1. As a test question: what accessible area, to the nearest 10 Å², does HIS273 have when a 1.4 Å probe is rolled over all protein chains in place?
2. I'd like the GluC sites (Glu not before Pro) in the stretch 165-241 restricted to DSSP loop residues with at most 15 other Cβ atoms within 10 Å, sorted by number.
3. Could you give the dipole magnitude of the stretch 83-161 about its Cα centre, charging the beta-carbon of Lys and Arg +1 and that of Asp and Glu -1, in debye to the nearest 20?
4. Given the protein chains as shown and a 1.4 Å probe, how many square angstrom of THR27 are accessible, to the nearest 10?
5. How much net charge surrounds ILE254 when only other residues with a Cβ under 11 Å from its Cβ are counted (Lys, Arg +1; Asp, Glu -1)?
6. Hey, what did the chain get for relative contact order, percent, Cα under 8 Å, at least 6 apart?
7. Expressed as a whole percent, how much of the Cα-Cα distance distribution for the chain exceeds 38 Å?
8. Run lengths n ≥ 4 of DSSP H only: what is the helix-derived mean residue ellipticity at 222 nm for the chain, with -39500 (n - 2.57) per run over all residues, to the nearest 500?
Amino acid sequence: MGFKFGFEDDERDTSAAKDAFDVTAETVVPRVHDISHFLELMTGTRVSYEHIDFPGSLVRREFFDVRHQLMSEDAESDELQFLIGSTAEDVRNGVYEGGLKSWECCYDVMQRLQEVDFSGYKSFLELGCGTSLPSLLIFQSLLQRKQTHVNLILTDFNYEVLRLVSVPNLFLTWCLTSLSKEELEQLQQRPDVEGNVRDGEIDVTPELVARFKNALREQHVAISLISGSWGRQMMTQINALVQSPTLMVSSETIYSPQHLPVVAQMVSETVQHAGSLALVAAKDIYFGVGGSLTEFLACLDKKPVEYSVEKINAGLQRSLVRVHKKK
Ligand SMILES: C[S@@+](CC[C@H](N)C(=O)[O-])C[C@H]1O[C@@H](n2cnc3c(N)ncnc32)[C@H](O)[C@@H]1O
């Protein structure tokens, strides 16, 4: 069930909304994908994982494994060359936005998420998820506490990032949180293959995928993925999916001066529904790129929101912004 709020009717924000969404070309048309779409593509592959350097037991897909998959798919397109790291660029605007690796500030979001009571939220939205570590922490908690009737929405500019890391990471999280060692082994057994069950890897069998889908269904956890550019179209898709209250998280997404007003707009729209909260983590200044926290806050100042800024104690100044609807 989606929610609606009165943005189009809100005098204060209509012009700002229009501006923020109009100034940027939505270069990649956003598309909503059900998680089943990506699970189908994963079935029959092997996924190697590593433990994340964070208290708890979260894992993520190994980067070498992603490269290996891309090379075996004979990736020749420009986009895929960036994805396999054959150039020195972390980001190339409008082509690849850096989602295959985990960026520093996502750990700041995760730290703060440990203090949040997820049972107060119905929807969890991550904007610009990449490896989606904050969403993994949320998802693991939902599984452990058996919280029902919730949905997770993850967005990334690159479809390939969703396919190669975001969804595999959600799947790995479920495998290693919800199944016992014996169940996990048994669901990977193949009658025709020996030695396919190995430490640090998951053989994605149809049985394992079916069990995952079934577990999500039984717990009433819906997972949607959106690929493509931020903007009005993506916002409309998000609005059709979220339930209230929503907890929104976003890390390292305000580095581009061109796009940070759009992020501010999307944050503002998402928190309009009562009880919703957004946590946005970022470096204070993105040297050489131009985005900055100051500029992001200046955008938020024009919206019907209230926010607080927490400075994170780190070499390169980082901050965490908590945003909610103006009272
Ligand atoms: C630097 S990465 C950060 C990834 C992840 N949040 C982290 O902290 O590890 C920036 C993310 O922002 C998203 N992004 C950047 N520009 C975008 C745009 N114009 N439209 C949609 N998403 C965009 C991409 O999805 C990308 O994964």
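1. 50
2. Counting only loop positions with at most 15 other Cβ atoms within 10 Å, the GluC sites (Glu not before Pro) in the stretch 165-241 are GLU194.
3. Roughly 380 debye for the stretch 83-161.
4. 90
5. Once all neighbours under 11 Å are counted, the net charge is -2.
6. With pairs under 8 Å counted, the relative contact order is 24 percent.
7. The share of Cα pairs beyond 38 Å in the chain comes to 13 percent.
8. Calculated mean residue ellipticity at 222 nm is -11000 deg cm²/dmol.
The values are calculated or read from the model by the stated rules, or taken from the named source; none is laboratory data. Note that the structure is a prediction, hence the values are computed from the model and not measured. Don't worry about glycine lacking a Cβ; one is built from the backbone with ideal geometry, like all the others, and counts go over all protein chains shown. Each accessible area value is taken on the protein alone, full model and side chains, heavy atoms only, with ligands, DNA and RNA left out. Shrake-Rupley method; radii C 1.70, N 1.55, O 1.52, S 1.80 Å.
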